[in-house]
1. Starting from the stretch 73-101, take each residue that is over 25 Å from residue 166 (Cα atoms) and in the same structural domain as residue 193 (by TED's automatic domain parsing) and list its partners that are buried (at least 16 other Cβ atoms within 10 Å of the Cβ) and among the basic types (Lys, Arg), counting only C-beta distances under 9 angstrom and pairs at least six apart or across chains.
2. Being outside any helix (DSSP H, G or I) and over 18 Å from residue 128 (Cβ atoms) is the filter here; which residues of the stretch 82-116 pass it?
3. List pairs: first residue in the stretch 218-240 and among the hydrophobic types (A, V, I, L, M, F, W, C), second residue not in a helix (DSSP H, G or I) anywhere in the structure, Cβ distance under 9 angstrom, at least six positions apart or on different chains.
4. When you go through 124, 118 one by one, which is the residue that is over 20 Å from residue 84 (Cβ atoms) and in the same structural domain as residue 201 (by TED's automatic domain parsing)?
5. For the stretch 35-53, state whether one or more residues are over 21 Å from the mean Cα position of the chain (by Cα), under 24 Å from residue 205 (Cβ atoms) and of a type in the set (Phe, Trp, Tyr).
6. Exactly one of these conditions fails for residue 187: (1) modelled with pLDDT under 85; (2) under 26 Å from residue 129 (Cα atoms). Give me its number.
7. Only one of 146, 177, 162 is among the charged types (D, E, K, R) and within 19 Å of the chain's Cα centre (by Cα); which?
Amino acid sequence: MKHVFPYLLAIAIFTGLLLLWEYVFASRFFPPPSEIWIYLKGAAQRGELLDATLVTMRRLLTGYIIGIVVGIPLGMLTARFKTAHLTIGVIALGLQTLPSVCWAPLSLSWFGLSESAMLFIVIMGTVWAVILATDHGIRQIPPLYKEAAETMGSRGLHLWFKVLIPASLPHIVSGTKQGWAFAWRSLMAAEIYVALTDAVGLGYVLHHGRELGDRSQVFGIMFVIIVIGFAADKLLFSPWETFLRRRWGLARS
């Protein structure tokens, strides 16, 4: 019962908040949860919600995977060579602070209103965080690890893939998680800014709800976006983080 009580308490708190929202705080600014539910149910039955979610997830996963594939090798490069650290590393540090929506005008001028424009914005939102996390992770490895491995004859790719990368995995996973968050925000900005009516994603549906003045649609899509982000954290990143904590002896008993 002791382990179940926190979950029951959390459910009770959320239920209470929903009731307060429904009967006390609902106004012209905040539609009641019942109206949001009606919109979500209708959009799901019409297939609009599923179609928009699939379009968004396809764009997100494509750009995110490309960002990781590009970012990790570049992060390894900046960790290995001083010149790369002073050039690529500095560029990554500077561009990571740039809001993703700032890439939209440049992306549109290069690719026009196309899927490539959205993909470019998502990649730019991902790659810099992954580069910095990989670089930081490798630099945080105690020198003793590398020296001991080299003493035992580890060199080149063996040293990288058997010693350095495994030892820096906690930082790399943290960086990919941050990259996912940036990619997710980048895509929402891209779908609002780059309106492709032939392939409608969640960001466009959110923007369209604002144009129609439909508060239920806006709040409903915001709820879907939150749920997807929460699910990604729990299903994609939390298992990795739990495994690494156990692997490094940091998990609570």
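The values are calculated or read from the model by the stated rules, or taken from the named source; none is laboratory data. Note that the coordinates shown come from a computational prediction; the quantities given were computed from them, not determined experimentally. Here the Cβ is made from the backbone with ideal geometry for all residues, glycine too, and neighbour counts use every protein chain on show.
1. Sorted first by the residue in the stretch 73-101, then by its partner, the pairs are 99/185; 100/185; 101/185.
2. Result: 112, 113, 114.
3. 218/31; 219/30; 219/31
4. 118
5. Yes, the stretch 35-53 contains a residue that is over 21 Å from the mean Cα position of the chain (by Cα), under 24 Å from residue 205 (Cβ atoms) and of a type in the set (Phe, Trp, Tyr).
6. Only one criterion is unmet by residue 187, namely (1).
7. 177
Results for (1) farther than 19 Å from residue 68 by Cβ; (2) surrounded by fewer than 20 Cβ atoms within 10 Å (Cβ to Cβ), shown as yes or no for each residue.
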| site | (1), (2) |
| --- | --- |
| 130 | no, no |
| 142 | yes, yes |
| 150 | yes, yes |
| 165 | no, yes |
| 170 | no, yes |
| 203 | yes, no |
| 211 | yes, yes |
| 223 | yes, yes |
